[in-house]
Amino acid sequence: MNQSLGPVSLLGVRVDDVTMDEAVAAISGWLAVGGAHHVVTVNPEFVMAAQHDASFADVLRRSDLAVPDGIGLQLAARWTGQRLRSRVPGVELCERLAQLSQRHGWRLFLLGAGPGIAQATAAVLERRFPGVMIAGCLAGSPRVEDEPALRDAILAARPDILLVAFGAPAQDLWIARNQPLLQVPVAIGVGGTFDYLSGNVVRAPRWMRRLGLEWLFRLVRQPWRWRRIWTAVVRFPIAMHRQGR
Ligand code: UDP
């Protein structure tokens, strides 16, 4: 799987060179065969976190699909003579899956985000994609002691796709710990996606995203996130530069 999708390596972290259509096709294939797959939405912060967090690095390595979420990875790939043809933002991936749920009856479970946000996201998806199958939505928590109750709720809902929005690395460590017991065909760590889809947080306008300036928009709107933005926009390029081409 990973080989055929032409992975690139950024500071030792694998990112698969997939377009949105290819990512959706891979997910659709897994839904047809079943099993327990893990999709990660990699951004520069993931790459930096993996440098000093061996268990997160291992979870990323063992993921079934690592989609490139953001222009920073594309630029870094190009700088090292590799290629990521496209970006696959988590928000847009979720929108596509909701659209396909509407068509194929795929059952989505929304786990994570602040109180009421998963429910608000479900309501928005039901309005935008009438007939979308929402198997369940829960804010939950990434705490280990809460895992058994969350697993019971998810198992009872029998989803095809589990979207986990606890932020990285918590969401992907959560999936890695729980997928063997859940056996949901596809689980995806989706970060702040529910905040965007529900309208709780406004996404940067398209022109800013296209120019790779989403970070600037976030810095102005959510200045308290400056440390994370610094990691993505300054520390990551410096680390890439240090590593050399
Ligand atoms: N979150 C959560 N439980 C936690 C920590 C975070 O549900 O204990 C949620 C948070 O509310 C947000 C998401 O995880 O919806 C992470 O969003 P963030 O903007 O940090 O993610 P990004 O997309 O930037 O990785």
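When Rg and Dmax are taken over the Cα atoms of the range 141-245, they come to 17.2, 50 Å.
Here the average projected area of the convex hull drawn through the C-alpha atoms of the range 76-209 stands at 9.3 nm². Remark: C-alpha extents of the range 1-110 on the principal axes read 40, 27, 25 Å, sorted largest to smallest.
Remark on Met133: its backbone amide H falls under 5 Å from those of Gln102, Leu108, a criterion applied only to residues 5 or more positions apart or on other chains, H modelled at 1.01 Å from N. Between Thr80 and Asn200, the simple spin-label model (points 7 angstrom out along Cα→Cβ) gives 3.3 nm. Each stretch of four or more DSSP H residues adds -39500 (n - 2.57); spread over every residue of the chain, this sum gives -14500 deg cm²/dmol at 222 nm. How high is the FRET efficiency between Arg158 and Met20 when r is their beta carbon distance and R₀ equals 30 Å, given to the nearest 0.05? Here the calculated transfer efficiency is 0.70.
Length gained on full extension, Gln183 to Ser9, computed as 0.36 nm times the residue gap minus the Cα-Cα distance: 59.8 nm. Taking other Cβ atoms within 10 Å as a rough exposure proxy, Leu197, Leu75 sort from fewest to most as Leu75, Leu197. Close amide H contacts of Val42 (hydrogens built in the peptide plane, cut-off under 5 Å, sequence separation of 5 or more or a different chain): Val67, Asp69. Peptide packing: for 94-103, 10-19, 174-183, the average count of neighbouring Cβ atoms within 10 Å per residue gives the ranking 10-19, 94-103, 174-183, highest mean first. Expressed in Å, the radius of gyration and Dmax of the Cα atoms of the chain are 17.1, 50.
We did not get these values from a lab; they are worked out from the coordinates using the rules stated. As the structure is a prediction and not an experimental result, all values here were calculated from the model. So basically every Cβ, Gly included, is an ideal-geometry build from the backbone, and we count neighbours across all protein chains shown.
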